[in-house]
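The values are calculated or read from the model by the stated rules, or taken from the named source; none is laboratory data. Since we're looking at a predicted model, the values are computed, not measured. Virtual Cβ from ideal backbone geometry, glycine too; neighbours counted across all protein chains shown. For accessibility, only protein heavy atoms count, side chains too; no ligands or nucleic acids. Shrake-Rupley method; radii C 1.70, N 1.55, O 1.52, S 1.80 Å.
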Amino acid sequence: MSENCNHDCSSCGTTCGERKESQSLRVPANPNSHIKKVIAVMSGKGGVGKSLVTSMMAVTMQRRGYKTAILDADITGPSIPKVFHLQGKVSGTDLGITPATTKSGIKIISTNLILDNETDPVVWRGPILGGVVKQFWSDVNWGEVDYMFVDMPPGTGDVPLTVYQSLPIDGIIVVTTPQELVSMIVEKAVNMAGLLSIPILGIVENMSYFVCPNCKEKHHIFGQSKLKEEAERYGITNTATLPIEPSLAQRCDAGTFEDFEGDFLNSLGSILEGK
Ligand SMILES: Nc1ncnc2c1ncn2[C@@H]1O[C@H](COP(=O)(O)OP(=O)(O)OP(=O)(O)O)[C@@H](O)[C@H]1O
């Protein structure tokens with residue numbers, strides 16, 4: 001036992017014979033933040049539409065009347081400010097950094113909102129990247145938030161692990177594409193969630209099909225979906241599909257993403273509400 005022992009193992013890094021509980025790696029939230037549910041949106045690899053799904057889930061919950069936020073933990077490839085057309089840098093007060101706010105009121109923090117130029121590359125090493133995510137949690141004055149969505153860095157490496165261990169993640173939404181779904185990459189993501197004992201709330205198969213604007217027929221460009229079967233293999237019953245929808249990409253470019261029409265991820269919204 002250390003001579004300075006205060007008998008509070010949760011705040012002590014010393015491994016001694018008296019330790020009663022493992023040291024928590026959780027980072028305390030900003031004292032002014034009251035965040036009820038934290039949902040991580042992850043993918044096995046990059047470019048499968050994780051940021052689009054994160055943004056769509058946030059808009060879905062905001063439309064249902066909840067106070068919603070996005071923590072963009074994809075530090076080296078931040079896409080969230082672009083989706084919502086947020087430009088310029090965030091500022092702060094004595095209470096912490098004030099997040100940016102979208103047209104409909106979604107609170108957002110992202111590396112691109114703290115850089116001088118959004119085209120500046122982020123050439124930071126792993127521990128710094130993890131440190132930035134922790135600061136997005138502890139130094140941002142989030143205020144009242146019902147649902148916070150965390151846009152995770154792709155994959156199962158060092159930074160995602162830091163996020164899962166530092167933030168109180170309540171559940172995970174896995175984003176995949178038809179081709180990726182049958183690969184071992186998704187299985188790795190699912191297994192990581194299992195190792196960390198965080199429940200998977202659902203799997204979204206993005207780019208699942210395309211509806212032809214002329215004949216209105218559904219085309220499964222990457223083959224018939226195996227989403228249900230694959231999800232069942234992992235013991236996951238909640239699934240959703242998103243079509244290839246050029247208007248969604250166009251809305252991201254035009255800054256009108258929050259006005260998208262459709263109820264693509266409503267079923268997952270109800271799962272989050274517990275309905
Ligand atoms: N269902 C879709 N229909 C049309 N365009 C889409 C769809 N899903 C994603 N896109 C477009 O594909 C691009 C990549 O999507 P997104 O940035 O969401 O992927 P990501 O997985 O977050 O990538 P990264 O890991 O690099 O951050 C974006 O330009 C997005 O607008």
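Need the list of aspartates and glutamates near LYS188 for cross-linking: C-alpha distance under 13 angstrom, and skip anything on the same chain fewer than eight residues off.
GLU180
Rounded to the nearest 0.05, what FRET efficiency do THR101 and ILE128 have when you use their Cβ-Cβ distance and R0 = 30 Å? Walk me through the intermediate numbers first.
Values: r = 27 Å, r/R0 = 0.89.
The calculated FRET efficiency here is 0.65.
With no solvent and one equal point scatterer placed on each C-alpha of region 29-144, evaluate the Debye formula and give log10 I(q)/I(0) for q = 0.11, 0.13, 0.24 Å⁻¹, two decimals.
Debye intensities relative to I(0), on a log10 scale: -0.34, -0.48, -1.72.
Give the distance, in whole Å, between the Cα centre of region 118-141 and the Cα centre of region 220-245.
Taking the Cα centre of region 220-245 as reference, the centre of region 118-141 is 33 Å away.
Hey, any idea what % of the chain's accessible area is carbon plus sulfur with a 1.4 Å probe?
The computed percentage sits at 50.
What nm value, rounded to one decimal, do you get for the distance between ASN191 and GLU273 when each label is placed 7 Å out toward the C-beta?
3.7 nm
Could you name the lysines whose alpha carbon sits less than 29 Å from that of LYS103, not counting residues in the same chain fewer than 8 places away?
Excluding near neighbours in sequence, the set is LYS36, LYS37, LYS50, LYS67, LYS82, LYS89, LYS134, LYS275.
I want to check the label-to-label distance for GLU144 and THR76. Put each point 7 Å from Cα in the C-beta direction and report it in nm to one decimal.
Placing both labels 7 Å along Cα→Cβ, they lie 4.0 nm apart.
Kirkwood Rh and Cα-based Rg: tell me the resulting Rg over Rh for the chain, rounded to two decimals.
Reported Rg/Rh (Cα atoms, Kirkwood Rh): 0.99.
How would you order 222-233, 156-167 from highest to lowest mean count of nearby Cβ atoms within 10 Å?
Going by the mean number of other Cβ atoms within 10 Å, highest first, we get 156-167, 222-233.
What ranking do 86-93, 67-74 get when scored by the average of other Cβ atoms within 10 Å per residue, highest first?
With the highest mean Cβ count within 10 Å placed first, the list reads 67-74, 86-93.
Skip the ligands, DNA and RNA, and give the accessible area per residue of the chain with a 1.4 Å probe, whole Å². All intermediate terms of the calculation are to be shown ahead of the outcome.
On the way: 13600 Å² over 275 residues.
Accessible surface, normalised per residue, equals 49 Å².
About the Cα centre of region 144-275, how large is the charge dipole given +1 on each Lys and Arg Cβ and -1 on each Asp and Glu Cβ? Please answer in debye to the nearest 20.
The calculation lands at about 480 debye.
Distance in nm between label sites at GLU217 and GLN165, each 7 Å beyond Cα in the beta-carbon direction?
In this crude label model, GLU217 to GLN165 measures out at 5.3 nm.
Relative contact order for the chain using alpha-carbon pairs under 8 Å, separation at least 6, rounded to a whole percent?
Rounded, it is 24 percent for the chain.
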